[in-house]
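The structure appears right after this line, and notes come after that.
The values are calculated or read from the model by the stated rules, or taken from the named source; none is laboratory data. Values in this document were obtained by computation on a predicted structure and should not be read as measured data. Heads up, the Cβs are rebuilt from the backbone with ideal geometry, glycines too, and the neighbour counts pull from every protein chain shown. Note: accessible area is taken over every heavy atom of the protein model, side chains too, but ligands, DNA and RNA are not part of it. Shrake-Rupley method; radii C 1.70, N 1.55, O 1.52, S 1.80 Å.
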Amino acid sequence: MLDWSVVDLGTESFRETWARQLALVEQRQKADAAGDTLLLVEHPHVFTLGRRREAEANVLMPGDVEVIGIERGGDVTYHGPGQIVAYPIVLLGDGERDLHRYLRNLEEAVIATCARFGLATDREPGKTGVWLTTPAGMRRKLCSMGIAC
């Protein structure tokens with residue numbers, strides 16, 4: 001088993017990072033060609049559209065912000081300055097291919113990471129991602145998740 005690699009890309013366009021992801025996926029599918037990789041990046045303003053047919057209708061006025069349809073699940077996701085985006089490229093073993101369990105494990109990793117920094121976060125029943133409650137009692141989504149298989 002190969003070790004994880006964590007790669008901090010700094011700021012990079014979504015399209016550049018997407019091409020990097022696709023290349024890593026191809027390498028990772030050849031089990032010994034590359035290990036699991038976590039890409040960390042900040043994107044300039046961009047909307048990504050998941051496979052849901054109605055996703056495009058949910059981007060009302062993008063202005064100069066690029067809108068890109070991609071292969072992950074879900075609806076519309078905004079990425080932009082100030083957000084850290086994490087892209088895990090992993091080879092799931094035979095007993096690990098329950099995608100709902102995989103998403104719950106990712107959520108748990110985010111919750112545990114936030115706790116290490118003193119930030120209390122949790123889940124919203126029936127939704128994917130991680131939320132926090134502000135001091136004013138408002139619920140805010142802290143982490144969105146989408147996967148492609």
Please count how many residues of the stretch 121-138 are in contact with a strand residue (DSSP E or B) (Cβ under 7 Å, 6 or more places away or on another chain) and over 12 Å from Leu103 (Cα atoms).
7
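Table: residues versus (1) outside any strand (DSSP E or B); (2) in contact (Cβ under 8 Å) with a residue 12 or more places away in the chain; (3) touching a strand residue (DSSP E or B) at 6+ places or on another chain (Cβ under 8 Å).
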site	(1), (2), (3)
Ile68	no, yes, yes
Tyr78	no, yes, yes
Pro88	no, yes, yes
Arg101	yes, no, no
Leu106	yes, yes, yes
Cys114	yes, yes, yes
Gly118	yes, no, no
Arg140	no, no, yes
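Got a sec? Which of Asp122, Asp94 is out of contact with any helix residue (DSSP H, G or I) (no Cβ under 8 Å at 6 or more places or on another chain) and charged (D, E, K, R)? Walk me through it before giving the result.
Working: Asp122 fails: out of contact with any helix residue (DSSP H, G or I) (no Cβ under 8 Å at 6 or more places or on another chain).
Answer to the selection: Asp94.
Sort out which residues of the stretch 119-149 are on the phi > 0 side of the Ramachandran plot and open to solvent by 70 Å² or more (accessible area, probe 1.4 Å), and write them in order of number.
Gly126
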Quick one: in the stretch 1-51, which of the residues that are among the polar types (S, T, N, Q) and at pLDDT 90 or above is farthest from Asp75 (Cα to Cα)?
Ser5
Filter the stretch 11-35 for residues that are β-branched (Val, Ile, Thr) and assigned to a helix (DSSP H, G or I); the one that is nearest to Thr48 (Cα to Cα) is Thr17
Can you tell me which residues in the stretch 93-109 are open to solvent by less than 40 Å² (accessible area, probe 1.4 Å) and of a type in the set (A, V, I, L, M, F, W, C)?
Leu103
